[in-house]
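J.: Here it is, the structure, as structure tokens.
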Amino acid sequence: MDKFIITGGTALQGEIPTSGSKNSALPALAAALLTDEPVTLHRVPHVRDIRTMQRLLVDIGSKVEVDHSAVRLHTPAIVCPEAPYELVKTMRASSLVLGPLVARCGRARVSLPGGCAIGARPINFHIFGLERLGARINQAHGYIEAEAPEGLQGATVHFDRITVTGTEDLMMAAVLARGETMLRNAAREPEVKDLADLLVKMGAKIEGAGTSNIRIQGVERLHGAEHTIIPDRIEAGTFLIAGAITGGDLTITECNPEHIGALVSKVQQAGAEVTQPDTATLRVRGGGLRSVDMTTEEYPGFATDLQAHYMALMTQADGIAIILETIFENRFMHAQELARMGAKIRLDGKQAIVAGPSLLTGAGVIASDLRASASLVLAALAARGETVIDRVYHIDRGYEKIETKLARAGAKIRRVE
């Protein structure tokens with residue numbers, strides 16, 4: 001099991017490029033199941049979750065060709081409309097093939113998703129939506145079995161709670177349904193808009209993606225297309241905080257600053273200087289940090305996927321910061337590991353109270369999930385001495401060669417197999 005060994009205390013300098021978005025590439029890969037023509041995706045990151053999804057698509061019937069960051073998918077026929085537990089137990093995005101399979105071939109058998117242990121990720125929104133579109137659903141033995149032998153029928157689906165993967169899954173199912181589908185209280189995340197842009201290139205009729213109400217007019221078939229995945233906003237945010245927490249001067253390139261506007265605002269309030277040299281670049285210069293409260297929200301609010309990173313930053317800020325987590329109920333597991341390094345954090349239900357600045361020192365810590373892994377890397381970069389982070393396979397699920405990118409900016413980090 002790989003580990004990271006990090007010696008902290010170095011201010012990061014230089015440039016770090018942002019890869020394509022994992023959370024955008026995963027539904028885009030699933031969307032290729034909707035057509036029997038080739039779909040080519042550019043800027044697909046080389047991360048574990050992507051490789052898992054590609055293996056799943058091959059089992060289903062896709063021909064997958066990878067050329068650097070370009071992936072060409074061709075699914076002439078659905079051979080096996082199933083996502084088995086053995087393959088998807090580490091990846092919650094497995095549910096994204098449910099809608100495309102039911103829409104394309106009228107049936108699907110998908111394992112309940114795995115992934116990080118950060119709290120409940122109910123798939124009931126997917127089930128409710130597909131039932132509204134006319135599918136028959138049976139849940140047994142850890143699998144969702146859906147059938148729509150006569151095809152899906154457009155309907156109005158109102159999500160009781162905003163759900164990103166639920167919105168994406170239902171949007172993919174609805175593009176081949178008869179008639180019109182309205183998704184209300186839909187997720188507004190950039191990844192949803194990016195998926196809609198791909199589907200439109202494939203011939204879908206979608207209006208309102210990026211807003212709370214998405215209108216989809218079903219079509220008989222989709223065709224092939226070529227599409228470039230948007231930059232990974234969580235990766236860009238990670239590097240932004242890396243520059244701030246180390247007191248460095250770091251430029252993050254090939255990103256979309258608009259997608260992390262809430263984070264940029266908080267980092268600026270905390271005392272770091274953040275500028276935007278151009279439309280795809282951010283520059284951060286660290287300085288004296290002060291504590292600023294934060295609440296996670298659905299987009300365009302502060303992303304829950306950056307909460308752990310922000311907590312690491314607040315351990316180095318002067319004062320008391322209250323961090324309120326409103327999306328997942330079990331997303332403070334990194335707090336205990338940060339405390340092992342010297343952080344002063346008190347948990348109280350959905351909120352974490354962080355007192356700073358703390359003198360962080362190197363220690364042996366364990367990564368509990370994808371984003372917690374990144375927070376430990378950030379804390380280690382600011383700590384005195386050597387930190388050993390175990391179970392970094394979590395971070396490999398969502399970050400492309402993070403140790404290489406950080407090392408190029410001066411970080412003393414290495415991977416030990």
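J.: Got a sec? Which strands (runs of 3 or more DSSP E) wholly within region 303-404 have at least 2 residues that are in contact (Cβ under 8 Å) with a residue 24 or more places away in the chain and in contact with a Gly (Cβ under 9 Å, 6 or more places away or on another chain)?
T.: In region 303-404, the matching strands (runs of 3 or more DSSP E) lie at 319-324, 351-356, 386-390.
J.: Additional query: Could you list, in sequence order, all residues of region 161-178 that are within 13 Å of ARG132 (Cα to Cα) and assigned to a loop (DSSP other than H, G, I, E, B)?
T.: ALA177
J.: Can you work out which of the residues in region 232-272 that are in contact with an Asp or Glu (Cβ under 6 Å, 6 or more places away or on another chain) and outside any helix (DSSP H, G or I) is nearest to GLY179 (Cα to Cα)?
T.: This residue is THR253.
J.: Only one residue in VAL88, VAL71 is touching a strand residue (DSSP E or B) at 6+ places or on another chain (Cβ under 7 Å), modelled with pLDDT under 95 and among the aliphatic types (A, V, I, L, M). Which one?
T.: Sole residue among the options that is touching a strand residue (DSSP E or B) at 6+ places or on another chain (Cβ under 7 Å), modelled with pLDDT under 95 and among the aliphatic types (A, V, I, L, M): VAL88.
J.: Which one of the conditions (1) in a loop (DSSP other than H, G, I, E, B); (2) buried (at least 16 other Cβ atoms within 10 Å of the Cβ) does GLY287 fail to meet, given that it meets all the rest?
T.: (2) is the only condition that GLY287 fails.
J.: If you check GLU220, GLU254, which single one turns out to be of a type in the set (Asp, Glu) and outside the structural domain of ILE162 (by TED's automatic domain parsing)?
T.: GLU254
A quick yes/no check of all residues on (1) of a type in the set (Val, Ile, Thr); (2) crowded, with 18+ Cβ neighbours inside 10 Å; (3) under 26 Å from HIS223 (Cα atoms); (4) touching a helix residue (DSSP H, G or I) at 6+ places or on another chain (Cβ under 8 Å):
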position: ARG55; (1), (2), (3), (4): no, no, yes, yes
position: GLY129; (1), (2), (3), (4): no, yes, yes, yes
position: ASN138; (1), (2), (3), (4): no, no, no, no
position: HIS141; (1), (2), (3), (4): no, no, no, no
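J.: Evaluate the following for LEU56: is it within 13 Å of ALA83 (Cβ to Cβ) and in contact (Cβ under 8 Å) with a residue 40 or more places away in the chain?
T.: yes
J.: Hey, does region 148-155 have a residue that's surrounded by 24 or more Cβ atoms within 10 Å (Cβ to Cβ) and either closer than 30 Å to PHE328 by Cβ or modelled with pLDDT under 95 (or both)?
T.: no
J.: Turning to a different aspect of this structure: Can you tell me which of ASN124, ASN213 is in the same structural domain as LEU98 (by TED's automatic domain parsing) and free of Cβ contacts under 8 Å to residues at least 12 places away in the same chain?
T.: Selected residue: ASN124, the only one of ASN124, ASN213 that is in the same structural domain as LEU98 (by TED's automatic domain parsing) and free of Cβ contacts under 8 Å to residues at least 12 places away in the same chain.
Matching residues to (1) over 18 Å from ALA242 (Cα atoms); (2) assigned by TED's automatic domain parsing to the domain that holds LYS266; (3) crowded, with 22+ Cβ neighbours inside 10 Å:
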position: THR326; (1), (2), (3): yes, yes, no
position: GLY356; (1), (2), (3): no, yes, no
position: ALA382; (1), (2), (3): no, yes, yes
position: GLU403; (1), (2), (3): no, yes, no
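J.: Mind counting the residues in region 231-256 that are surrounded by fewer than 22 Cβ atoms within 10 Å (Cβ to Cβ), in contact with a strand residue (DSSP E or B) (Cβ under 7 Å, 6 or more places away or on another chain) and farther than 12 Å from GLY14 by Cα?
T.: Of the residues in region 231-256, 2 are surrounded by fewer than 22 Cβ atoms within 10 Å (Cβ to Cβ), in contact with a strand residue (DSSP E or B) (Cβ under 7 Å, 6 or more places away or on another chain) and farther than 12 Å from GLY14 by Cα.
J.: Right, here's the next one. Among the helices (runs of 4 or more DSSP H) confined wholly to region 47-153, which include 1 or more residues that are closer than 19 Å to ASN23 by Cβ and of a type in the set (Lys, Arg)? Step through it out loud before you land on a result.
T.: On the way: elements: 48-60, 85-88, 98-105, 124-132.
Ranges flagged: 48-60.
The values are calculated or read from the model by the stated rules, or taken from the named source; none is laboratory data. Being a predicted model, the structure only gives us computed values, none of them experimental. Cβ coordinates were reconstructed from backbone atoms using ideal geometry, including for glycine residues, and neighbour counts include every protein chain displayed.
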